[in-house]
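Throughout, read-outs are computed from the coordinates displayed, never taken from laboratory work. Note that the structure is predicted; figures quoted are calculated from it, not measured. As a convention, Cβ positions derive from the backbone with ideal geometry for all residues, glycine included, and neighbour counts pool all protein chains shown.
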Amino acid sequence: MPEIRELAAKPTTEQFARIARAIDASAEVVSTRRLIGGISCRMDVLEFTSSVGKAGTTNKVVVRQYGPWHKDDDPHPGAIEAVVLDLLSKNSVAAPSLILDKKATTIMGNRTIVTSFIDGRPKLVPHDLFDWSEQMVGAISKVHGTTGCILSKTPGSRTRPDNGCRLTIHWLEARRGTATCSKAMGSSRSQA
């Protein structure tokens with residue numbers, strides 16, 4: 001039987017307000033709701049008013065918290081996800097944008113990232129399976145063809161692009177805090 005792992009606790013009203021104010025100093029929380037899924041993380045949608053841009057507009061973000069069990073499994077949960085989202089955004093790949101990282105962790109008291117909210121639902125049964133498959137292959141190819149590498153031994157630190165490197169993460173080393181990348185040509189690996 002699979003082990004049941006504890007998710008992070010529900011954020012308090014004050015924590016949600018602090019996250020919103022970290023994004024926009026004059027923000028006011030409009031609503032929150034829990035998202036299902038999350039791959040062993042608690043995820044909540046935070047909607048808040050914003051004074052940035054058009055006055056009175058609302059924004060939605062996703063607050064993604066890594067549960068306490070991650071500390072035993074991975075001492076730096078979310079660090080790789082934050083770096084990958086940042087790289088994808090810098091390379092114009094459609095993915096949620098990283099909005100808050102370390103500041104969100106400080107506010108929540110456990111490893112947390114805040115990303116943009118992408119509205120919609122997955123098509124689990126597409127009308128045209130061939131077209132859907134081609135789109136999926138194209139999206140995956142774009143992600144794996146992204147230029148950039150994690151070249152730091154400190155998880156969660158900023159990355160440095162390297163023209164000869166494709167975004168390939170060797171998860172075991174990255175989880176230990178020793179990130180590596182694969183060269184685009186050949187199979188040699190460079191280590192920071």
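Provide the FRET efficiency to the nearest 0.05 for the ILE140-SER26 pair, computing r from the beta carbons and using R0 = 30 Å.
Result of the calculation: an efficiency of 0.15.
Starting from 0.36 nm per residue, how many nanometres of slack lie between TRP132 and ARG34 once their C-alpha separation is accounted for?
Extra length available between TRP132 and ARG34 comes to 32.5 nm.
Past 25 Å, Cα to Cα, is the threshold; run LYS103/LYS123; LYS10/LYS90; LYS60/LYS90; LYS60/LYS103; LYS10/LYS123; LYS10/LYS103 against it and keep the listed order.
LYS103/LYS123; LYS10/LYS90; LYS10/LYS123
Over what distance in Å are the Cα centres of region 6-69 and region 81-121 separated?
12
Taking the Cα-to-Cβ direction at ILE118 and at ALA94 and moving 7 Å from each Cα, how far apart do the two end points lie in nm?
With each label point 7 Å from Cα toward Cβ, the separation is 0.8 nm.
When the chain is fully extended, how far beyond the present Cα-Cα distance does ALA9 get from SER51, taking 0.36 nm per residue of separation?
My answer for the length gained is 12.2 nm.
Within a 10 angstrom radius of the beta carbon, how do PHE117, PHE130 rank from fewest other beta carbons to most?
PHE130, PHE117
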